[in-house]
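Have a look at the structure below, then the notes.
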Amino acid sequence: MKKVTLFKGDGIGPEICDQVVRIINTLNLPLEFEPFEVGAAEYERHGALIPAAAFESIERNKVILKAPITTPIGKGFRSCNVQLREKYDLYANIRPAKSLPNVKTPFANVDMVIFRENTEDLYVGVEKQIDENTVHATKIITRRCSERIIRSAFEYAKEHHRQRVSCVHKANILKLSDGLFLKVFNEIKEEFPDVEANSYIVDNVCMQMVMHPEKFDVLVMPNLYGDITSDLASGLIGGLGLLPSANLGDEYAMFEAVHGSAPDIAGKNLANPTALLLSACMMLDYLGYHDEGEKVRAAINRVLIQGDVLTQDLGGSASTSEFTDAILQALQNA
Ligand code: NAD
């Protein structure tokens, strides 16, 4: 029996987590979840964001399905997500944004995959108070971390028969740091002559992603640009409730929705569980259960196409659990 560490998270986390587990459990796979309370609420209760037993579980199981965790803004503890990505060297954050059937947005035919470097850049969290009115933040870009994320993006493109990999940077201003990222990109692209390669300055790519989203394929970029452009990409396909992600390293893997803990709708049974469910499908692919992942994706699509049981973010009035019931029904009828 393969065990997966499950983090129920904060805000809408426990609600969407319970529904996703309901769906995955009906697949009758040799998979068992080890659930843990983690995050800001756990910190308030027991003084630790992630209890020691949860770390032990991760180190045994090596695979985590994680709901979002609240991070205080401008004060308090360091992001739990950033800590996990660093501790387990989850360097490749992969975020596929694909138009879903019958989800109305002004954009059609979006099918892009963002590769966000996950371990360095401004997220190393090194800030220094120079004087009362001056703060410096350190942006770190290394050849080693740039090489491994860029190579992952090209290998993914090759394996999934994607046409193009685009590098996103700000090397016109950050000539040394983003300059190094772009230089490494231009070296590695030579190893993949069958994949087209091009590059965009980050501000330009934001405009082009909105004007012509259909022309983007695989994109690779440093941490901060990946964080921002992937929320933009979620807007192209109908919102944060729909965008999944995988955080992969050489030994560990963590799957989570791109969205946060959504405190504005928490505890109301209103959240859309699709992003976490699609993240669980990425986990099934990773564990070798691709057919089962595809079954769940097909069930989600059927519910979207039918269009009568949708959560509020998709223009409907169904609750999280009613939407999940409809997906379960679609799975049974498949
Ligand atoms: P958010 O993603 O939580 O919410 C942004 C907006 O999207 C809100 O209006 C919310 O209601 C909506 N939304 C998000 N997920 C939804 C879903 N599944 N269904 C329907 N609507 C959904 O972003 P925020 O409000 O900026 O952040 C809230 C907290 O989450 C912060 O503490 C932040 O640090 C944290 N956060 C955590 C993660 C993570 O754990 N990976 C990621 C991003 C933000």
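The values are calculated or read from the model by the stated rules, or taken from the named source; none is laboratory data. Small disclaimer: the values here were computed from a predicted structure and weren't measured. Quick reminder, even Gly has a Cβ in these numbers, built from the backbone with ideal geometry, and neighbours come from all protein chains shown.
At-a-glance table
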| quantity | calculated |
| --- | --- |
| Number of the exception - Q129 against (1) part of a strand (DSSP E or B); (2) within 19 Å of the chain's Cα centre (by Cα); (3) surrounded by fewer than 19 Cβ atoms within 10 Å (Cβ to Cβ) | (2) |
| Top-ranked residue of the range 9-43 - restricted to ones that are touching a helix residue (DSSP H, G or I) at 6+ places or on another chain (Cβ under 9 Å) and closer than 14 Å to S57 by Cα, ranked as nearest to the ligand (Cβ to nearest atom) | V38 |
| Test for E190: is it of a type outside the set (A, V, I, L, M, F, W, C) and more than 21 Å from the chain's Cα centre (by Cα) | yes |
| Search result, residues across the range 269-291 that are surrounded by fewer than 16 Cβ atoms within 10 Å (Cβ to Cβ) and near the ligand (Cβ under 10 Å from one of its atoms) | none |
| Pairs, first polar (S, T, N, Q) in the range 108-129, second in a strand (DSSP E or B), C-beta under 9 Å, six or more apart | N118/A92; N118/N93; N118/N247; N118/L248; Q129/V135; Q129/H136 |
| Wholly within the range 1-98, helices (runs of 4 or more DSSP H) carrying at least 1 residues that are β-branched (V, I, T) and surrounded by 15 or more Cβ atoms within 10 Å (Cβ to Cβ) | 13-25, 52-61, 80-87 |
| Where a residue in the range 1-23 is under 22 Å from G288 (Cβ atoms) and its partner, wherever it lies, is near the ligand (Cβ under 9 Å from one of its atoms) and not aliphatic (A, V, I, L, M), with Cβ under 8 Å and at least six apart | L6/K66; V20/P273 |
| Single residue of the range 214-225 satisfying the filter (over 18 Å from G179 (Cβ atoms) and touching a strand residue (DSSP E or B) at 6+ places or on another chain (Cβ under 7 Å)) that is farthest from the ligand (Cβ to nearest atom) | D217 |
| Contacts under 8 angstrom Cβ, first residue in the range 272-294 being more than 20 Å from S99 (Cα to Cα), partner modelled with pLDDT under 95, 6 or more apart | none |
| Residue under evaluation I58, criteria (1) modelled with pLDDT under 95; (2) out of contact with any helix residue (DSSP H, G or I) (no Cβ under 7 Å at 6 or more places or on another chain); (3) within 16 Å of the ligand (Cβ to nearest atom), criterion not met | (1) |
| Pairs where the first residue, in the range 310-334, is free of Cβ contacts under 8 Å to residues at least 24 places away in the same chain and the second is hydroxyl-bearing (S, T, Y) and within 14 Å of the ligand (Cβ to nearest atom), C-beta under 7 Å, 6+ apart | A318/T311 |
